[in-house]
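Working notes for the structure below.
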Amino acid sequence: MNTTFAAIEHYFPSLTQYFKEVNDFRQQSKVEYPAELILWMGVIQRLIGVKSNNEFESILKTSPEIEKNIFSLPGISGDELPSIDDFCYFLQKLPPMELHKIRSKMLVALERKKILSKLETKDGYLLLAVDGVQTNSTKREIEHSIYCDAKDGTRTYHQYFLEAKIVSSNGLVFSVDSEVVENPTEEFDKQDCELKAAKRLLERIAREHPHFSFWILGDALYCNSVIMDICKQHKWKYSSTFKGESKYPKLLGEINAELNFKQRHNTVRHLIKKKQLHRTLYRIALVQWCKL
């Protein structure tokens, strides 16, 4: 853990300050545990790979060194860590945009340290992978969720997000942005809802990071004019995986038709005046003779 803290201190020395700058929704006169303390607890929870809040609470009770490490961080003070209920309440009520602001500041810090430039392709593009991820599933209706109805009439709610991450050949991954996939008015259609979310996601990334040149990586779902037009508009590159005819026969047919069309028109026409015709035919005959 000390090595991890050292890495954070090296790459993100102002991280605690970023946490302090979030717009705290709580009544400040009654705040007992500051936002930066709770957010650092969230960082620790992810770093140690805890899968549930109950497990995290148990670990905090049996591992006093975690509390000691947190309070040893610059800018962090206090006598004790908040309860797991206080921890959950803050993170549930904190607007997601506040966390997004922290992520954007971290991205700027990496850019200033020339970390991102080392991940660029030879022609100056950052590889940006876009894909969906499900974070929660329940029979109870939850905010910002999609729903699917089973044949027996039961309805299941899922929290489903699109994630955009900078990836590299050396294994480094940096989160850039996230977008909720929702179906507020009708039954969930993965292709339609995910494409609408991808459009919102990429357009926001283009607005917030206009100085970056991205190479968008996605599955066959993103092989369509909506995504391609966004990439062309911002002079980005794009690549899509394709698993073949068995899964996407219609798409394969469209690709083959386009390739055949371009092949048929892959010619150049040049009009030759009559006076030049004999001279041109002579040159062609001479070239053919030299090849023999």
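For q = 0.10 Å⁻¹, what log10 I(q)/I(0) does the range 114-241 give under the Debye formula with an equal point scatterer on each alpha carbon and no solvent? Values, matching the q order: -0.36. Legend: P(r) of the range 35-89 from all alpha carbon pair distances, 10 Å bins from 0, whole percents, reading 22, 64, 13. Show me the GluC sites (Glu not before Pro) within the range 137-170 that DSSP assigns to loop and that have at most 10 other Cβ atoms within 10 Å of their Cβ. Counting only loop positions with at most 10 other Cβ atoms within 10 Å, the GluC sites (Glu not before Pro) in the range 137-170 are 141, 143.
How high is the FRET efficiency between residue 114 and residue 21 when r is their beta carbon distance and R₀ equals 22 Å, given to the nearest 0.05?
Between residue 114 and residue 21 the formula returns 0.35.
Separation of the range 119-165 from the range 37-107 is 24 Å, based on Cα centroids.
Sorted into 5 angstrom bins from 0, the C-alpha pair distances of the range 82-126 split as 5, 19, 14, 14, 13, 10, 10, 8, 5, 2, 0 percent.
Other residues within the sphere of radius under 15 Å centred on the Cβ of residue 113, judged by their own Cβ, net out at +1 (K and R +1, D and E -1).
Dividing the C-alpha radius of gyration of the range 61-180 by 2.2 N^0.38 Å, with N its residue count, gives 1.44.
Neighbours of residue 213, meaning other residues whose beta-carbon lies under 12 angstrom from its beta-carbon, give a summed charge of 0 when Lys and Arg score +1 and Asp and Glu score -1.
Compute the whole-percent fraction of alpha carbon pairs in the range 11-126 spaced more than 25 Å apart.
Of all Cα-Cα distances in the range 11-126, 31 percent exceed 25 Å.
Other residues whose C-beta falls under 11 angstrom from the C-beta of residue 74 contribute a net charge of -2, scoring Lys and Arg +1 and Asp and Glu -1.
Of all DSSP beta bridges confined to the range 114-241, the antiparallel ones make up roughly 75%.
Since every read-out is calculated from the coordinates, none of them should be taken as a lab result. Quick caveat: nothing in here was measured; it's all calculated off a predicted structure. Ideal geometry is used to build each Cβ from the backbone, glycine not excepted, and the neighbour counts take in all protein chains shown.
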